[in-house]
Amino acid sequence: MEQNNIRTYLLYAIGEIALVMIGILLALQVNNWNEERKARTFENEILSLIDQNLQNDSVQLSRELSKAKQAIELTDRLIEEVDQENYSDSLNYWMGKIISFERFKSQTSAFEVLKARGIETVTNKELQLTLISYYDENIFGVYQSLTDVEKSFNQDWVPVIKEKFSDFKWRDYHQPTDPENFFEDPSTIVLFRIYQDNREAGLDKLEDALVKNAEIRELIKNRLQ
């Protein structure tokens, strides 16, 4: 009987241990499920916010791209008019759009939150890489190209405006003191061409950023469906 009692006790003890282990495993599994649910909820929320930021970026990028293209086109038209010795007032308004620069500020708040939490929170690897590429490469390239144009404006055009212009209004018009002398100076046309080249160098950066922006938004849309 003593052996039977020992066997019964052991079986009972083993059963108790098994129940405890099963309880622990179930608790861990429930906790994992909860953590996974929280992670997926966070992922969906942060991707929605990133999509909103990207939408704002897209609007800004499109606007600055349009301004840059307009300035490039007007530069060609202005030089054609100057070649024909036509110094009409229209040139003053064209210069308002040409002798300027664009500024862009990417909306990065949601992406910064994601980086702080861990980029691996986004389960789609392609989306991870595309986000990193957009903010670290495309947006950096846009900043760099627009900064080059602004530096050229400050270094090349500001001294000319101070010396040779009688009046100006930002992005509206520039009035040379002596239009004929100003436009017939060969260095003036060279300056227009240099500035146009600076802007053209940034067009690809703006367009690439818009393409990558749209690509990310499509990936986010598919992920949230």
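The values are calculated or read from the model by the stated rules, or taken from the named source; none is laboratory data. Small disclaimer: the values here were computed from a predicted structure and weren't measured. Cβ placement follows ideal geometry from the backbone for every residue including glycine, while neighbour counts extend to all protein chains displayed. SASA here: full protein model, heavy atoms, side chains in, ligands and nucleic acids out. Shrake-Rupley method; radii C 1.70, N 1.55, O 1.52, S 1.80 Å.
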Quiz item: With respect to the numbered conditions (1) surrounded by 15 or more Cβ atoms within 10 Å (Cβ to Cβ); (2) not in a helix (DSSP H, G or I), which one is the sole condition not fulfilled by S166?
Solution: (1)
Quiz prompt | Selection from region 40-97 of residues that are without any contact (Cβ under 8 Å) to a residue 12 or more places away in the chain and of a type in the set (S, T, Y) | solution = T41, S66, S88, S90
Quiz prompt | Hey, S62 open to solvent by 40 Å² or more (accessible area, probe 1.4 Å), modelled with pLDDT of 95 or more and either touching a helix residue (DSSP H, G or I) at 6+ places or on another chain (Cβ under 7 Å) or within 18 Å of Y134 (Cα to Cα) (or both) or not | solution = yes
Quiz item: Looking at (1) open to solvent by less than 80 Å² (accessible area, probe 1.4 Å); (2) out of contact with any His (no Cβ under 6 Å at 6 or more places or on another chain), which is the only condition Q84 fails?
Solution: (1)
Quiz item: Scanning region 87-101 for residues that are open to solvent by 50 Å² or more (accessible area, probe 1.4 Å) and either modelled with pLDDT of 95 or more or part of a helix (DSSP H, G or I) (or both), which turns out nearest to F192 (Cα to Cα)?
Solution: K97
Quiz prompt | Out of T123, T130, sole residue that is touching a residue at least 40 places away in the same chain (Cβ under 8 Å), outside any helix (DSSP H, G or I) and of a type in the set (S, T, Y) | solution = T123
Exercise. Say whether the condition of being open to solvent by 70 Å² or more (accessible area, probe 1.4 Å), more than 24 Å from L78 (Cα to Cα) and either of a type in the set (D, E, K, R) or assigned to a helix (DSSP H, G or I) (or both) is met by at least one residue in region 187-201.
Key: no
Quiz item: Right, R217: more than 22 Å from V59 (Cβ to Cβ), modelled with pLDDT of 95 or more and basic (K, R) or not?
Solution: no
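For residues that are among the acidic types (D, E) and within 18 Å of E112 (Cβ to Cβ), scanning just region 47-86, find the one that is farthest from the chain's Cα centre (by Cα). I'd like the intermediate steps shown before the answer.
First, the residues of region 47-86 that are among the acidic types (D, E): 51, 57, 64, 73, 76, 80-81, 83, 85.
Okay, now just the ones that are also within 18 Å of E112 (Cβ to Cβ), so 51, 57.
On the way: D51: 12, D57: 6 Å.
Applying the filter and picking the extreme gives D51.
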Quiz prompt | Candidates Q144, Q175, Q155, filtered to the one that is touching a Ser or Thr at 6+ places or on another chain (Cβ under 7 Å), not in a loop (DSSP other than H, G, I, E, B) and not aromatic (F, W, Y) | solution = Q175
Self-check item: Hits in region 34-79 - residues which are farther than 26 Å from E218 by Cβ and of a type in the set (D, E)
Solution: E35, E73, D76
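Of all residues in region 102-120, how many are closer than 22 Å to E36 by Cα and open to solvent by 20 Å² or more (accessible area, probe 1.4 Å)? Talk me through it step by step, then tell me what you get.
Just the residues of region 102-120 that are closer than 22 Å to E36 by Cα, to begin with: 110-120.
From what's left, open to solvent by 20 Å² or more (accessible area, probe 1.4 Å): 112-113, 115-117, 119-120.
Number of matching residues: 7.
Okay, residues lined up against (1) of a type in the set (A, V, I, L, M); (2) modelled with pLDDT under 65; (3) in contact with a helix residue (DSSP H, G or I) (Cβ under 9 Å, 6 or more places away or on another chain); (4) farther than 30 Å from D172 by Cα:
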| site | (1), (2), (3), (4) |
| --- | --- |
| E2 | no, yes, no, yes |
| L28 | yes, no, no, yes |
| S58 | no, no, yes, no |
| E85 | no, no, yes, no |
Self-check item: Of residues in region 121-144 being at pLDDT 95 or above and in contact with a Lys or Arg (Cβ under 6 Å, 6 or more places away or on another chain), the one surrounded by the fewest Cβ atoms within 10 Å (Cβ to Cβ)
Solution: G141
